[in-house]
Amino acid sequence: MVINTQKSANDTLVYTIKSKDLDKAYLTELLLAHPEIKFVSLFGIDLAGNDTDEKIPICNMLEDMDSFLNGVIQTDGSSVVLPGIATLNNGKVDIIADTTSNWYVDYNYEHIDIETNKPVGTLRIPSFLQHDGQMVDSRSVLKRSVDHFKNTLLELLCSNPDLTERMGFKPDEIDEIVLTSATELEFWVKTPNDKADKEELSASQVLQEQYWKRTKSIVRTSLEQSLLLMDKYGLDAEMGHKEVGGIKSRIDIGGKINHIMEQLEIDWKYSTTLQAADNELMSRIMIKETFRRNGLEVTFMAKPIEGVAGSGEHTHVGVAVKLKSGKRVNLFAAPNKEEDYLSVIGYGALMGFLKHYEVINPFISSTIDSLNRLKPGFEAPVCIVTSLGHSVNIPSRNRTVLVGLVRDMENPLSTRFEVRSPNPHTNTYLALASIYQSMLDGIKAAAASGKTEKELEKEISKPKDTESFYLEYGRAYRSEEDVFEHYSAEERNAMFGTPPATVYDNFKNLSNYPDKLSALTQGGVFNDRIIDSFTKASLLRWTMEICSRIIPEYMHIVRSCRKLHQPDAACDLDVLLWDKAESLRRLIMKDTCDSKSLFTSLREAVSNGDYSGVSRLQSELSLNIDELSKAYSAYKRNLIDIDDAEGTFFN
């Protein structure tokens with residue numbers, strides 16, 4: 001029996017039930033012994049990354065344990081994002097419990113059970129969603145990916161014993177292929193309803209006034225409570241710290257800190273890939289609820305404030321083999337770490353990821369918010385490029401690339417890839433599935449090529465106009481430089497490809513690169529039904545956000561840009577600067593008998609389903625809003641007698 005517990009005044013609380021303990025007799029005994037666990041919730045993950053949360057009285061589970069362990073629980077398809085799958089005339093979706101992953105008990109610390117004097121708990125069960133006999137949820141896609149990767153790689157290693165012998169073992173010594181993953185969670189926290197000046201935030205970021213500084217007061221308490229709670233769930237938190245974004249808080253006359261606006265990061269240890277995705281979901285819930293109980297808002301938006309550091313969720317991936325002796329061998333680590341960065345399998349995995357990134361990116365960056373973060377100047381990747389290190393003997397970390405190699409010369413088991421483009425709202429299940437599918441394609445190609453580690457290093461380091469057995473002509477894939485400082489935007493685009501400007505640009509790649517997409521569909525992991533549904537959901541969200549959030553937000557900006565100078569007190573420059581701002585205001589928002597504003601044109605394009613037009617107009621609108629903001633700031637800076645108490649809302 002392995003249960004994570006916490007001592008309390010009355011007895012213990014159950015936090016995690018390990019997968020090996022998930023049998024009828026044990027669960028029945030456990031739930032009867034813990035009457036504070038009042039509900040059960042089977043959480044499947046739809047294609048938008050939402051987790052279902054059905055509150056079922058625990059007595060129903062105790063009365064029919066077999067159905068919960070081996071059967072299906074029905075739900076209404078209208079409650080999950082599966083467009084084109086769960087339709088109005090065929091909306092039945094079955095939820096099937098996953099007995100191969102850990103289960104959790106989620107406690108409501110604001111609802112105390114009067115009989116036990118303990119917080120009311122809900123047993124959270126990781127599950128799959130089934131429609132018409134087919135698994136259609138994000139968790140099942142990742143499970144298929146993991147199974148396909150492990151089975152295919154095992155076959156490849158058995159048929160290529162030279163690969164295993166290079167790494168010091170024979171194929172018949174293999175017990176299991178192990179996929180490991182982890183995420184780093186960044187987020188912003190603030191006092192509710194507070195405003196902050198964007199220029200103040202930007203200046204603090206440039207001066208690095210917040211990064212790695214000491215947390216204080218209620219932020220410190222919330223951070224510590226979050227880390228301790230994660231440990232109770234067996235997530236083994238590694239660290240929590242302040243990130244680069246934020247401003248100094250203030251102390252009121254009562255000695256309490258207010259006007260809090262800080263960026264934080266929390267990391268925890270690796271796990272198997274599907275378990276890692278579940279752990280990340282639970283961590284986000286725990287962190288947000290812990291800070292909320294202390295009166296603080298948390299946002300996991302990728303770019304909550306334009307012009308200020310966004311929040312990433314760097315995702316680490318690795319592959320190892322467990323031998324029958326119990327020894328583990330990292331399949332990415334070079335057999336000769338003093339001469340090579342990676343093994344043949346490692347180079348293949350990295351090349352597969354880079355080659356197919358155009359069709360991976362939609363599953364990582366599917367929202368306006370996510371693409372807003374991926375811009376030069378904020379340590380967020382904008383082009384498809386990797387870094388191996390300045391030298392084999394001295395590992396380095398290039399923070400400007402899309403995917404970096406993490407190595408420790410003293411610990412080969414730590415060799416892994418860090419994908420830097422995901423954000424806290426990325427659907428980690430689909431992102432990991434697409435990453436591992438692409439890596440598998442590259443591994444197969446590298447193994448079939450018969451090339452050595454040195455030859456594969458040369459391949460991935462090739463100039464853009466050099467042919468490759470696998471990578472594309474006209475593209476470069478490696479740089480040890482700061483890609484933002486060393487190359488111009490034109491040079492980056494020419495070498496590494498032009499990044500998508502809009503959600504539609506990103507999703508067009510799923511049809512523009514059918515050969516690359518085929519790597520994701522190998523083994524039936526992704527299929528047309530899943531891809532089409534995910535695309536529909538993402539494009540619908542994109543257009544709805546434009547009409548319901550972006551345009552109203554920009555409308556507020558346009559209307560906030562008011563004429564502030566008095567004609568008799570203004571100079572010629574004041575008039576010139578205001579005329580420029582006013583011209584942009586009218587272009588963006590004002591219709592006439594002869595012309596339509598960008599707002600109106602954009603709304604009409606959405607209404608007509610003209611995604612290409614929406615994409616073009618969104619980019620044009622964004623550029624003009626940026627120009628307006630700059631013009632109006634220049635106008636205000638030149639005025640003397642104005643009230644400058646405006647702030648920036650943080651949502």
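Here are the numbers:
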read-out: The range 17-30, residues that are of a type outside the set (Lys, Arg) and either surrounded by fewer than 20 Cβ atoms within 10 Å (Cβ to Cβ) or within 30 Å of LYS536 (Cα to Cα) (or both); value: SER19, ASP21, LEU22, ASP23, ALA25, TYR26, LEU27, THR28, GLU29, LEU30
read-out: Condition broken by GLY254, with the remaining ones in (1) modelled with pLDDT under 85; (2) surrounded by 15 or more Cβ atoms within 10 Å (Cβ to Cβ) satisfied; value: (2)
read-out: Residues being under 19 Å from TRP268 (Cα atoms), assigned to a loop (DSSP other than H, G, I, E, B) and either among the small types (Gly, Ala, Ser) or without any contact (Cβ under 8 Å) to a residue 60 or more places away in the chain (or both) - total across the range 291-319; value: 2
read-out: Breaking point among (1) in contact with a Gly (Cβ under 9 Å, 6 or more places away or on another chain); (2) farther than 23 Å from THR367 by Cα; (3) not hydrophobic (A, V, I, L, M, F, W, C), for ASP568; value: (1)
read-out: Candidate set from the range 460-491 (those that are loosely packed, with under 15 Cβ neighbours inside 10 Å and among the hydroxyl-bearing types (Ser, Thr, Tyr)); member that is nearest to ALA349 (Cα to Cα); value: TYR473
read-out: Some residue of the range 460-471 being under 16 Å from VAL385 (Cβ atoms), outside the structural domain of GLY49 (by TED's automatic domain parsing), modelled with pLDDT of 95 or more and assigned to a helix (DSSP H, G or I); value: yes
read-out: Residue list for the range 605-630, filter: in a helix (DSSP H, G or I) and either of a type in the set (S, T, N, Q) or over 29 Å from the mean Cα position of the chain (by Cα) (or both); value: ALA605, SER607, SER612, SER615, GLN618, SER619, SER622, ASN624, GLU627, LEU628, SER629, LYS630
read-out: Scan of the range 100-134 for residues that are surrounded by 12 or more Cβ atoms within 10 Å (Cβ to Cβ), assigned to a loop (DSSP other than H, G, I, E, B) and within 30 Å of the chain's Cα centre (by Cα), ordered by number; value: THR100, SER101, ASN102, ASP132
read-out: Options LYS454, LYS444, LYS375: the member that is modelled with pLDDT under 95 and either closer than 30 Å to ASP46 by Cα or assigned to a helix (DSSP H, G or I) (or both); value: LYS375
read-out: Test set (1) surrounded by fewer than 23 Cβ atoms within 10 Å (Cβ to Cβ); (2) modelled with pLDDT under 95 - SER311 fails condition number; value: (1)
read-out: Selection count where residues are outside any strand (DSSP E or B), at pLDDT 90 or above and over 24 Å from the mean Cα position of the chain (by Cα), scope the range 86-99; value: 1
read-out: When residues of the range 49-85 are limited to those that are part of a strand (DSSP E or B) and at pLDDT 90 or above, the one surrounded by the fewest Cβ atoms within 10 Å (Cβ to Cβ); value: PRO57
read-out: Criterion: within 24 Å of ILE305 (Cα to Cα) and touching a Leu at 6+ places or on another chain (Cβ under 8 Å) - qualifying residue of LEU621, LEU540; value: LEU621
read-out: Only listed residue being among the small types (Gly, Ala, Ser), modelled with pLDDT under 95, outside the structural domain of PHE507 (by TED's automatic domain parsing) and surrounded by fewer than 17 Cβ atoms within 10 Å (Cβ to Cβ), chosen from SER629, SER633; value: SER633
read-out: Criterion violated by PRO499 - all others in (1) within 30 Å of SER438 (Cα to Cα); (2) touching a Lys or Arg at 6+ places or on another chain (Cβ under 9 Å); (3) modelled with pLDDT of 95 or more; (4) not aromatic (Phe, Trp, Tyr) satisfied; value: (3)
read-out: Within the range 292-306, tally of residues that are touching a Phe, Trp or Tyr at 6+ places or on another chain (Cβ under 9 Å) and surrounded by 16 or more Cβ atoms within 10 Å (Cβ to Cβ); value: 8
read-out: Number of the condition not met by THR116 [criteria: (1) of a type in the set (S, T, N, Q); (2) without any contact (Cβ under 8 Å) to a residue 12 or more places away in the chain; (3) in the same structural domain as PHE43 (by TED's automatic domain parsing)]; value: (2)
read-out: Every residue from the range 616-637 that is of a type in the set (Gly, Ala, Ser), closer than 20 Å to ARG562 by Cβ and free of Cβ contacts under 8 Å to residues at least 60 places away in the same chain; value: ALA631, SER633, ALA634
read-out: Matching residues, the range 499-555, being crowded, with 20+ Cβ neighbours inside 10 Å and free of Cβ contacts under 8 Å to residues at least 40 places away in the same chain; value: ILE531
read-out: Number of positions in the range 426-437 that are of a type outside the set (Val, Ile, Thr) and in contact with an Asp or Glu (Cβ under 7 Å, 6 or more places away or on another chain); value: 0
read-out: Verdict on ASP46 being in contact with a helix residue (DSSP H, G or I) (Cβ under 9 Å, 6 or more places away or on another chain), acidic (Asp, Glu) and exposed (fewer than 12 other Cβ atoms within 10 Å of the Cβ); value: no
read-out: Lone unmet requirement of (1) closer than 30 Å to GLU459 by Cβ; (2) assigned by TED's automatic domain parsing to the domain that holds ILE625 for PRO500; value: (2)
read-out: Qualifying residue in the range 569-580 (condition: out of contact with any helix residue (DSSP H, G or I) (no Cβ under 6 Å at 6 or more places or on another chain), part of a helix (DSSP H, G or I), buried (at least 18 other Cβ atoms within 10 Å of the Cβ) and not small (Gly, Ala, Ser)); value: yes
read-out: Residue within the range 425-433 that is among the aromatic types (Phe, Trp, Tyr) and touching a residue at least 12 places away in the same chain (Cβ under 8 Å) present; value: yes
read-out: Filtered residue count, the range 391-440, keeping only those that are farther than 20 Å from LEU185 by Cβ and either part of a loop (DSSP other than H, G, I, E, B) or of a type in the set (A, V, I, L, M) (or both); value: 19
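The values are calculated or read from the model by the stated rules, or taken from the named source; none is laboratory data. Predicted model, so just to flag it, every value in this text is computed and none were measured. Here the Cβ is made from the backbone with ideal geometry for all residues, glycine too, and neighbour counts use every protein chain on show.
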